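Engineer: Here it is, the structure, as structure tokens.
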Amino acid sequence: MSNLRPRTAAGWTGLLAALAAAVMSFLPAVDAAARVTPSLHPSVQAAARVTPSPSPSVQAGERTVTGRTVIADGHVDIGPRFLDGKWTVQVRDDTVRPPVWRNVEDVVLHTVDAAKVKVPEGSQFSFLGKPGTEVWVLPQVQQQGVLWPGWNTQDPQVASTINREVTWSLRGVTGPGRFALFVNGDFGAPKVLFDGSRPYPQQMGIDLNTHAHGNWVFSAPGTYLLDIDISGRTLDGRQVNDRRLLRIFVGAGSPDAAFSVPAPAGFVAGGTTPGTGRAESGQGFPGWAWLIIGVAGAAVVVAITITVMARRPSRRAAAAAGKEA
């Protein structure tokens with residue numbers, strides 16, 4: 001006789017559990033807080049966590065103003081907010097009182113020649129170029145006469161709606177030279193957040209209620225386009241994101257010219273595409289995972305049915321034998 005026997009219902013249940021575990025092993029790990037692990041490059045992975053710094057808080061209901069503007073001095077922040085209930089990335093302009101928010105496509109950030117510095121000695125700064133080479137730096141610490149851009153997650157509705165942090169993604173950079181964004185770490189060592197010479201997308205996580213600054217570095221004058229995406233997950237599990245094109249003009253000349261520089265293929269078209277602010281329910285399992293789980297579940301149901309049907313004759317035979325006895 002064959003040694004193969006139909007599985008019991010308990011056996012098939014165990015098989016289903018094993019199949020589900022196997023499927024789950026292929027899915028991205030998501031903890032209870034839906035925390036996004038910062039990723040940029042293996043060598044700088046640990047450096048991509050931004051430490052919050054004190055700042056005047058963002059007030060609810062701050063207004064949005066429209067119209068193209070060039071900002072070359074003073075403090076600005078890039079950050080997400082809920083605008084009329086829609087997740088939107090904007091520029092918070094702190095050069096006026098009270099501060100206002102501007103649409104990203106309406107702004108050119110001007111890096112003036114006063115921002116020129118020389119690349120310091122040491123291999124740790126090799127990502128900026130050769131020592132002694134001049135670069136333009138929008139600094140981590142405010143400098144008179146130079147733009148001071150940062151980023152914040154202080155919008156009250158963002159802070160009360162999003163689960164723990166947001167993710168800032170750099171999807172591409174185009175310009176006449178190299179771009180990098182780094183912060184000064186312990187003992188002055190640079191911690192690279194974004195590096196335009198590395199593959200895209202690059203990401204960093206930003207905790208809620210954070211206001212932070214870094215060193216924005218450009219190696220040549222001209223217009224730079226940064227394709228950025230800021231996303232988050234709400235407390236009820238919805239994914240929200242908005243993708244924008246940030247324009248930066250470096251050096252002397254007319255910064256207004258940056259408004260007419262076309263976006264390359266794959267970037268946000270012209271920097272004027274409105275943010276989706278889309279929300280997706282659930283934890284974002286890929287379709288193939290649900291397909292495998294569905295097929296496995298159907299197979300188990302069929303197997304259990306066959307097992308039950310196969311056992312019925314045996315029960316009848318046992319009952320008949322009992323009567324004969």
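The values are calculated or read from the model by the stated rules, or taken from the named source; none is laboratory data. Just so you know, these numbers come straight off a predicted model, no measurement behind them. Counting neighbours? That spans all protein chains shown, and the Cβs are built from the backbone with ideal geometry, glycine included. SASA here: full protein model, heavy atoms, side chains in, ligands and nucleic acids out. Shrake-Rupley method; radii C 1.70, N 1.55, O 1.52, S 1.80 Å.
Engineer: Take Lys116, Lys130 and sort them by solvent-accessible surface of the protein heavy atoms, 1.4 Å probe, largest at the top.
Structural biologist: Descending accessible area places them as Lys130, Lys116.
Engineer: Given R₀ = 30 Å, FRET efficiency for Arg97-Asn184 by Cβ-Cβ distance, to 0.05?
Structural biologist: Efficiency for this residue pair is about 0.55.
Engineer: Right, here's the next one. Compute and list, largest first, the equivalent-ellipsoid semi-axes of the range 95-180 from the alpha carbon gyration tensor, each √(5λ) rounded to a whole angstrom.
Structural biologist: Values for the range 95-180, descending: 29, 18, 14 Å.
Engineer: Gain in length, Ala220 to Arg63, computed as 0.36 nm per residue apart minus the alpha-carbon separation, to one decimal in nm?
Structural biologist: Length gained between Ala220 and Arg63: 53.0 nm.
Engineer: What length, rounded to one decimal in nm, is gained on full extension from Lys116 through to Asp73, with 0.36 nm per residue of separation minus their alpha-carbon distance?
Structural biologist: 14.0 nm
Engineer: Take Asp84 and Lys130, extend 7 Å from each Cα along the Cα→Cβ direction, and tell me the distance between the two endpoints in nm.
Structural biologist: 5.4
Engineer: In addition: Largest first, how would Thr133, Thr111 line up by accessible area (1.4 Å probe)?
Structural biologist: From most exposed to least exposed: Thr133, Thr111.
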